[in-house]
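First up is the structure itself, then whatever we jot down about it.
Values in this text are rule-based calculations from the coordinates and carry no lab data. On a predicted model such as this, the values are computed, not experimentally measured, just so you know. Cβ: placed from backbone, ideal geometry, glycine included. Neighbour counts: every protein chain shown.
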């Protein structure tokens, strides 16, 4: 469990126990249940990460909501959107090994995470990741209930594939952009798990020179 679980869960559980001791049964049981829910919500299970160097893993637990062709910085590619319900694990992971060259925070709205406009209009953290195969991008997106996106990483920090990079609180959405030619291994409606589910494989073409230079520069 991540530390936020203790921050939210322990006070609620203690207040619930106090309520029960004072014979405020309904209030005590409700607060205790909320405390236990927080412990469950902020759970952080270990995951088996694919050793395949060509694999791009899921940055989040949830259901694949959108798969669509989309340009990114003038490059053709595909965006995959994952919807996280309140019962899903909300710790996010890096989809590949590389260096986080940029983290951009964008304030915005709090539309429901399944809204088609949420990827653009909602509050979000945008990560640009330089890898040995090229650049990819992924986003932590706030939702109607999730009002906080949290990054545990900083720009120019190296990450391993499947490494924990942050979390979003109480229901949300995570987007992943991969370059054109990537082999997609999931479809809309599939349930995926952060770090362990392989969403795609890198294009069979040679490593992109732009990605190589960015990765090398970040490493230096």
Report task. Can you put 25, 202 in order of Cβ neighbours within 10 angstrom, beginning with the fewest? Result -> 25, 202
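Can you tell me which of 58-68, 27-37, 100-110 comes out highest on packing, and rank the rest after it, using the mean Cβ neighbours within 10 Å?
Result, highest mean Cβ count within 10 Å first: 58-68, 27-37, 100-110.
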Query raised in the report: Fewest to most neighbouring Cβ within 10 Å: what's the order for 127, 39?
Result: 39, 127
